[in-house]
Amino acid sequence: MCGIIGYTGPRQAAPLLLAGLEKLEYRGYDSAGIAVNDGNGIEVAKTMGRLAALSTMIHGGSDVKGTVGIGHTRWATHGKPSDENSHPHVGGDGRIAIVHNGIIENYKPLKEMLMNRGRSFVSETDTEVAAQLIDYYYEGDLLAAVARAVRELEGSYALGIVCADEPDTIIGVKSHVPLIVAYGEGENMFASDIVAVADQTRRVTYMDDDEIAVVRPDSVEFYTPFLDRIEKEIRTIDWDVSAADKCGYEHYMFKEIMEQPEAVRRTLAPFIADGRVSLENALSPELVRSMSRIFIVACGSSYHVGMVAKYNIEKLTRVPVEVVLASEFRYCDPIVGPDTLVLLISQSGETADTLEALREAKRRGGHTLAIVNVEGSSIAQAADSVIYTKAGPEIAVATTKAYSTQLVVTVMLAIYIAGLRGTISDAEYADIIAGLEALPEHMQHILNDKASTQKLAYRYFNCEDIFFIGRNIDYAMSLEGSLKLKEISYIHSDAYAAGELKHGTISLVVDGTLVIAVATCSRLVEKTLSNAQEVKARGARVIAVTTDGNAEKVSAAADNVIAFPAMHDLLLPSLAVLPLQLFAYYMALYRGCDIDKPRNLAKSVTVE
């Protein structure tokens with residue numbers, strides 16, 4: 001949830017920390033703070049509110065001198081947003097300061113132990129407990145104190161630590177929460193995400209769980225909690241640094257919406273050659289032919305990808321698919337065995353519930369396959385195999401291009417499995433491949449016509465209740481459209497299977513209610529159309545999302561129609577989602593919402 005950055009080197013740390021935190025603000029926005037060691041002690045500056053408030057308070061970092069420091073943007077877990085609960089937190093007399101992402105589950109008994117030994121606390125956070133614990137064990141060797149404290153901490157967390165007595169050193173700790181180390185020339189850094197340091201260096205190391213990094217300007221050393229040395233690989237990131245900038249767009253979300261055709265093209269390219277999908281490195285033909293069922297486990301928008309994938313995989317392969325929310329998977333006693341494929345979908349690869357579901361699936365003997373966007377992430381490393389999407393950095397909290405790239409990976413999986421199991425004809429296989437290869441161009445066509453969706457948003461942005469309806473795969477799309485709308489515009493919105501309207505939901509439809517009917521699935525257009533007529537008869541205004549071939553038919557039951565070219569049914573969700581994303585974006589824009597950083601939400605959900 002929170003964002004962490006650390007720097008040690010010859011340059012003034014505070015401006016660099018602020019610049020890195022600006023790129024991490026999508027991870028936390030309740031408060032921000034830095035701690036800088038000037039060689040004589042540690043100066044802490046922090047405040048409730050957005051990062052801009054901190055930057056103004058310390059004049060862009062010029063008020064805080066020193067070349068070694070740590071920084072933090074907070075998403076509140078323990079304790080309400082306040083100056084006292086903001087990070088960094090200090091231990092003892094202020095000689096040790098730490099920042100923290102995640103949750104320390106056993107902080108209460110540790111806090112009680114420390115209070116019994118004379119330690120006092122000024123915040124409600126679990127983080128201050130960790131700071132006091134490290135300071136309690138400190139006897140002149142920071143690494144030894146950190147290692148001893150880490151051996152007692154339980155939970156999922158990353159820590160950044162500075163000590164007044166070691167003016168060139170920062171220490172990072174990773175346990176089930178992301179942390180990377182970045183290498184410069186005569187300077188080094190650590191951060192929660194590569195985007196925070198990508199404009200400084202492209203050389204990084206991905207830390208593994210239960211590792212401690214001792215970072216100095218001219219060296220980086222890695223240890224276990226028992227102080228055994230670890231050798232780590234340095235990798236070079238290969239994506240364009242500008243991908244993490246707005247590049248002239250007003251919002252990251254709009255930029256990322258517009259990047260989707262190219263992101264999909266990049267994702268497809270490594271796996272399609274000579275008219276076939278090649279996924280043997282991720283899923284062996286032997287497993288494909290022997291598996292008897294598939295679980296798809298995910299959260300949020302990734303769960304909606306899973307719902308689309310269920311329809312597509314079952315239709316093509318006849319293998320039963322169950323889609324389960326990651327937060328429920330561990331507690332539903334799932335029937336998983338060696339003939340079960342468990343597909344985990346996560347943009348960040350750090351989603352705590354999905355990671356725990358993966359571990360549960362492995363304990364039960366299932367084969368785990370991850371679809372993630374972030375290389376070296378916890379889920380990618382823990383899964384038996386992984387397929388990386390090529391969405392590039394996604395900064396806006398509301399996912400767009402990560403969703404679209406996940407979607408096309410699941411289509412490739414569907415035809416790959418169907419091809420190996422002999423449940424798809426050569427003609428249909430070729431048709432879907434041709435559609436995948438043409439998909440970016442069709443997506444671009446829809447995005448080029450964004451003005452028509454913008455006009456609809458201007459007409460309806462004052463609505464306070466909006467319903468989405470659809471059947472089959474269109475129901476899955478309705479869920480995603482509704483989620484996008486409510487998470488960034490704060491409009492109450494719900495999605496329903498269209499056939500369920502008459503079982504209660506239609507009682508909520510009154511004169512002026514806006515209903516968005518997603519009707520792309522040709523064989524079900526008439527059914528959805530009848531439901532649209534039902535709500536329209538009760539005073540609703542209806543926007544229909546459909547294909548060009550059905551536009552005239554649908555217009556009889558809709559006030560407005562958004563239409564796009566027809567493709568193979570498996571690929572229609574990749575097109576239908578675009579106007580839904582644009583509609584949500586423009587609705588939020590006209591309502592004056594903070595689109596990239598919606599309230600109460602964070603990009604990477606690293607706590608359960």
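The values are calculated or read from the model by the stated rules, or taken from the named source; none is laboratory data. All values reported here derive from a predicted model rather than from experimental measurement. Glycine also receives a Cβ, built like all others from the backbone with ideal geometry; neighbour counts cover every protein chain displayed. The accessibility values were calculated without ligands, DNA or RNA, using every heavy atom of the protein model including side chains. Shrake-Rupley method; radii C 1.70, N 1.55, O 1.52, S 1.80 Å.
With an 8 Å Cα cut-off and a minimum separation of 6 or more residues, compute the relative contact order for the chain in percent.
About 12 percent, as a whole number.
Sticking to Cα atoms, compute the Rg of region 160-237 to one decimal and its Dmax as the biggest Cα-Cα distance, whole number, in Å.
Values for region 160-237 (Cα only, Rg and Dmax): 11.8, 34 Å.
Taking the Cβ of residue 456 as the centre, find all other residues whose Cβ is under 14 Å away and add up their charges (Lys, Arg: +1; Asp, Glu: -1).
Once positives and negatives cancel, what remains is +2.
Over region 188-271, how many percent of alpha carbon pairs lie in each 5 Å bin up to the one with the longest distance?
Values per bin, smallest distances first: 3, 11, 17, 18, 15, 13, 8, 10, 4, 1.
If you roll a 1.4 Å probe over the chain with all protein chains in place, what percent of the accessible area is carbon or sulfur?
Taking all protein chains in place, the chain shows 47 percent carbon and sulfur surface.
Rg(Cα) of region 487-608 divided by 2.2 N^0.38 Å?
For region 487-608, the normalised Cα radius of gyration is 1.17.
Calculate, in nm to one decimal, what residue 84 and residue 314 gain on full extension: separation in residues at 0.36 nm each, minus their alpha carbon distance.
77.5 nm
Give, as ranges by residue number, the residues of region 173-217 whose backbone N falls under 13 Å from the point 7 Å along Cα→Cβ of residue 234.
181-189, 201-206, 216-217
Starting from the Cα of residue 111, draw a straight line to each of the aspartates and glutamates and keep only those under 16 Å, dropping any in the same chain fewer than 8 residues away.
Residue 111 reaches 124, 126, 128, 135, 152, 154.
In square nanometres, what is one fourth of the surface area of the convex hull spanned by the alpha carbons of region 463-514?
About 3.4 nm², averaged over all directions.
Which whole-number percent gives the relative contact order of region 1-127, counting Cα pairs below 8 Å spaced six or more residues apart?
Taking the mean separation of contacting Cα pairs over the length of region 1-127, I get 29 percent.
What are the residues whose amide H is under 5 Å from the amide H of residue 295, where those residues sit 5 or more places off or on another chain and H is modelled from the backbone?
322, 341, 342, 343
Return the distance in nm (one decimal) between the two label points of a simple spin-label model at residue 522 and residue 165, each offset 7 Å from Cα along Cα→Cβ.
Roughly 7.5 nm, to one decimal.
Can you give the accessible area per residue of the chain, in Å², using a 1.4 Å probe?
36 Å²
Å³ per residue of the Cα convex hull, for region 73-192?
105 Å³
State the percent of C-alpha pairs, over all pairs in the chain, separated by a distance greater than 50 angstrom.
Value for the chain (Cα pairs over 50 Å): 13 percent.
Could you tally the net charge around residue 90, taking each other residue with its Cβ under 11 Å from the Cβ of residue 90, Lys/Arg +1 and Asp/Glu -1?
-2
Counting only C-alpha contacts under 8 Å and six or more residues apart, can you give the relative contact order of region 376-486 as a whole percent?
Reported relative contact order: 13 percent.
Can you give the convex hull volume per residue for the Cα atoms of region 215-336, as a whole number of Å³?
258 Å³
Which GluC sites (Glu not before Pro) does region 212-285 hold that lie in a coil by DSSP with at most 15 other beta carbons within 10 Å?
231, 233, 250, 280
Taking R0 as 45 Å, what's the FRET efficiency between residue 590 and residue 117 from their Cβ-Cβ distance, rounded to 0.05?
Efficiency, rounded to the nearest 0.05: 0.20.
What do you get for trypsin sites (Lys or Arg not before Pro) in region 291-366 restricted to DSSP loop and a cutoff of at most 11 other Cβ within 10 Å of the site's Cβ?
When the trypsin sites (Lys or Arg not before Pro) of region 291-366 are filtered for loop state and at most 11 Cβ neighbours within 10 Å, 318 remain.
Nearest-5 percent of antiparallel DSSP beta bridges in the chain?
Looking only at bridges with both residues in the chain, the antiparallel portion is about 60 percent.
Taking the Cβ of residue 186 as the center, what net charge do the other residues with Cβ under 14 Å away carry, scoring Lys and Arg +1 and Asp and Glu -1?
Net charge around residue 186: -1.
Please give the FRET efficiency for residue 328 paired with residue 40, using the beta carbon to beta carbon distance and R0 = 56 Å, rounded to the nearest 0.05.
Efficiency for this residue pair is about 0.60.
Quick check on my link table: of 315/597; 23/46; 450/536; 246/315; 310/536, which ones sit more than 29 Å apart, alpha carbon to alpha carbon?
Among 315/597; 23/46; 450/536; 246/315; 310/536, the Cα-Cα distance tops 29 Å for 315/597; 246/315; 310/536.
Please state the Cα pair-distance histogram of region 119-252 with 10 angstrom bins from zero: what percent is in each bin?
In whole percents, the pair-distance histogram is 11, 39, 31, 15, 4, 0.
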